Amino acid sequence: MADITRRLGWRHLRGAPTAHIRHHRGGKLLHDGTGLSFWFRALTAALSEVPVDDRELAMTFHARTSDFQDVAVQATVTYRISDPALAATRLDFSVDPDTGAWRGTPLEQLGTLLTETAQQHALDVLARTTLSAALVDGVTAVRERVAAGLAAEPRLPATGIEVVAVRVVALRPEPEVERALRTPAREQIQQEADRATYERRAVAVERERTIAENELASQIELARREEQLVEQRGTNARREAEEHAAADAVRAEAEAARSVKLAEAEAARSVKLGEAEAARTVRLAEAEAARSVKLGEAEAARSVRLARAEAEAARAVGEARAQAQAAWLAVHADVDPAVLHALTGTRLAENLPRIENVTISPDVLTGLLARLGASRDPA
């Protein structure tokens, strides 16, 4: 469909490369061609748009064979408009100047023309063909007859139409007839399958028998070889026992010789160990005796030194005490006896236990006062 736009009372048409545009004004042809683009006035313009590309027309129709069986035909016709000017004069390809849409249905008219023409030739060839022949060679026959009929149809070139190709997709009978036609083939295929199954079973049985015979022969051979194996195992066992006995004897002799050698080596080792132990004991005794002598001498020297030190210390302590006693006596030699008495009382009081009550008789108090007075009286 052409693309038409409006501008201030004018119209602009832009066509496609596959569309042939014819523009008339006042009965005169102003524009004619594909892919055109021009301005026009809607009130005075007469426009036609003819497609020039290849178009596919699919058709399905029913036909009857010579044996009165109905078949469905599916075909496709490829056509093109080779003379757009002629087609525009035979069919209505005019378009609306405002929308660019066709005013009529020219492609439907072309489809009806092609379908009816192709159907007429297909019906003619199938009416002289049986159903079985139509199912075998009908597709080729119908395609060739339709192509030849469309090529010879005078109305198509007069309308500017060129048929490019004809394809017949399928010829099919009614479902019941098709199932009935398939039944013999299916039965034959089933018979072939059954025969193949029986043959396969027979071959399987023959192979099973061969396998059973081979298994029996294998078992017999295995039994014979097992007998040989048992005999060989007995021979091997006897030989192994003899070898073990000889090996045990050799091993016992070697063990006895080894035991003798070990005993001799152990005895020599014990002697050497005894001698070494005796020498060690002697050395230890001598060392212990020397150590005891040295320890006794050291202890005696230490005892002498301690006794001397104690004697010196006792003498020093005695002398110190004697000197202290002499000094003490020298200090108290010149002191008044009364003072000594007082000191004695004081020391006595310090060393006496705690006294709760003291009772002083008059006689004692009188004597003490008299002595106190006498001591205070100047000589």
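The values are calculated or read from the model by the stated rules, or taken from the named source; none is laboratory data. Quick caveat: nothing in here was measured; it's all calculated off a predicted structure. Neighbour counts run over all protein chains shown; Cβ positions are idealised from the backbone, glycine included. Side chains included, ligands, DNA and RNA excluded: accessible areas come from the protein's heavy atoms. Shrake-Rupley method; radii C 1.70, N 1.55, O 1.52, S 1.80 Å.
Data table
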{"quantity": "Residue-span extension gain [Thr76 to Ala265] - 0.36 nm each, minus C-alpha spacing", "calculated": "56.1 nm"}
{"quantity": "Relative contact order of region 1-98, pairs being alpha-carbon contacts under 8 Å that are 6 or more residues apart, as %", "calculated": "25 percent"}
{"quantity": "Residue among Leu343, Thr281, Ala322 farthest towards the positive dipole end of region 235-349, charges placed on Cβ", "calculated": "Leu343"}
{"quantity": "Neighbourhood charge, 11 Å Cβ-Cβ cut-off, centred on His31 and excluding it, Lys, Arg +1 and Asp, Glu -1", "calculated": "+2"}
{"quantity": "Linear extension gain, Ala301 paired with Ala127, 0.36 nm per residue minus alpha-carbon span", "calculated": "46.5 nm"}
{"quantity": "Charge-dipole axis of region 157-285 as Lys and Arg at +1 and Asp and Glu at -1 on Cβ define it, positive-most pick from Leu222, Ser270, Thr235", "calculated": "Ser270"}
{"quantity": "Directionally averaged projected area (convex hull, Cα atoms, region 62-128), nm²", "calculated": "5.9 nm²"}
{"quantity": "Calculated from backbone phi, Karplus (6.51, -1.76, 1.60) coupling profile of region 75-85 in Hz, x at Gly/Pro", "calculated": "9, 9, 10, 9, 9, 8, 8, 7, 10, x, 4"}
{"quantity": "Rounded tilt (10° steps) of 337-351 against the dominant C-alpha axis of the chain", "calculated": "40 degrees"}
{"quantity": "Accessible area in square angstrom per residue, the chain, 1.4 angstrom probe", "calculated": "72 Å²"}
{"quantity": "Counting all C-alpha pairs of the chain, share separated by more than 40 Å (%)", "calculated": "72 percent"}
{"quantity": "Taking the chain and dividing mean pair separation by its residue count, relative contact order in percent (alpha carbons under 8 Å, at least six apart)", "calculated": "11 percent"}
{"quantity": "Hits among lysines - C-alpha to C-alpha of Lys272 under 26 Å, sequence gap 8 or more where chains match", "calculated": "Lys261"}
{"quantity": "Cubic angstrom per residue, convex hull over Cα atoms of region 58-98", "calculated": "146 Å³"}
{"quantity": "Computed over region 278-343, Kirkwood Rh from alpha-carbon pairs, angstrom", "calculated": "16.9 Å"}
{"quantity": "FRET efficiency, 1/(1 + (r/R0)^6) with R0 45 Å, evaluated for Glu187 and Leu107 via beta carbons", "calculated": "0.35"}
{"quantity": "In Hz, Karplus ³J(HN,Hα) per residue of region 133-140 (6.51, -1.76, 1.60; θ = phi - 60°; x = Gly, Pro)", "calculated": "5, 5, 6, 7, 10, x, 4, 5"}
{"quantity": "Intensity falloff of region 227-333 expressed as log10 I(q)/I(0), Debye formula with alpha-carbon point scatterers, at q = 0.20, 0.21, 0.22 Å⁻¹", "calculated": "-1.06, -1.08, -1.11"}
{"quantity": "Check: region 136-178 dipole with +1 on Lys, Arg Cβ and -1 on Asp, Glu Cβ, in debye", "calculated": "220 debye"}
{"quantity": "Hydrodynamic radius (Kirkwood) for region 78-202, which is based on Cα pairs only, to one decimal in Å", "calculated": "18.3 Å"}
{"quantity": "By average C-beta atoms within 10 angstrom, highest first, the peptides 229-238, 18-27, 70-79", "calculated": "70-79, 18-27, 229-238"}
{"quantity": "Region 194-247 - Rg over Rh from alpha carbon coordinates, Kirkwood radius", "calculated": "1.54"}
{"quantity": "Of Glu288, Glu213, Glu108, the one that fluctuates the most in a GNM where the chain has Cα springs shorter than 10 Å", "calculated": "Glu288"}
{"quantity": "Cut-off under 5 Å, modelled amide H: who pairs with Glu174 long-range", "calculated": "Asp70"}
{"quantity": "Within the chain: Cβ-based charge dipole about Cα centre, in debye rounded to nearest 20 (Lys, Arg +1; Asp, Glu -1)", "calculated": "1760 debye"}
{"quantity": "Long-range HN-HN contacts of Ala42 with modeled amide H, under 5 Å", "calculated": "Arg11"}
{"quantity": "Sorted peptide list for 264-272, 85-93, criterion being average Cβ within 10 angstrom, highest first", "calculated": "85-93, 264-272"}
{"quantity": "Sulfur and carbon atoms: percent of accessible area, region 55-97 [1.4 Å]", "calculated": "46 percent"}
{"quantity": "Estimated vicinal HN-Hα couplings, Hz - region 296-305 in sequence order (Karplus 6.51, -1.76, 1.60; Gly, Pro = x)", "calculated": "x, 4, 5, 5, 5, 4, 5, 5, 5, 5"}
{"quantity": "Peptides ranked, highest mean first, by Cβ atoms within 10 Å: ranges 146-153, 115-122", "calculated": "115-122, 146-153"}
{"quantity": "Amide N of region 317-331 lying under 17 Å from the label point, which is placed 7 angstrom from the Cα of Asn351 along Cα→Cβ", "calculated": "325, 328-329"}
{"quantity": "Cα pair distances in region 132-182, grouped into 5 Å bins until the bin that holds the longest one, percent each", "calculated": "4, 18, 21, 16, 13, 10, 8, 5, 3, 1"}
{"quantity": "Local net charge near Arg305, Cβ-Cβ under 13 Å (Lys/Arg +1, Asp/Glu -1)", "calculated": "-2"}
{"quantity": "Equivalent ellipsoid, region 1-121 (semi-axes from 5 times Cα gyration tensor eigenvalues, Å)", "calculated": "38, 12, 12"}
{"quantity": "FRET E, pair Ala320, Lys294, Förster distance 22 Å, beta-carbon r, rounded to 0.05", "calculated": "0.05"}
{"quantity": "FRET efficiency for Thr34 and Ser66, using Cβ-Cβ distance with R0 set to 45 Å, rounded to 0.05", "calculated": "0.40"}
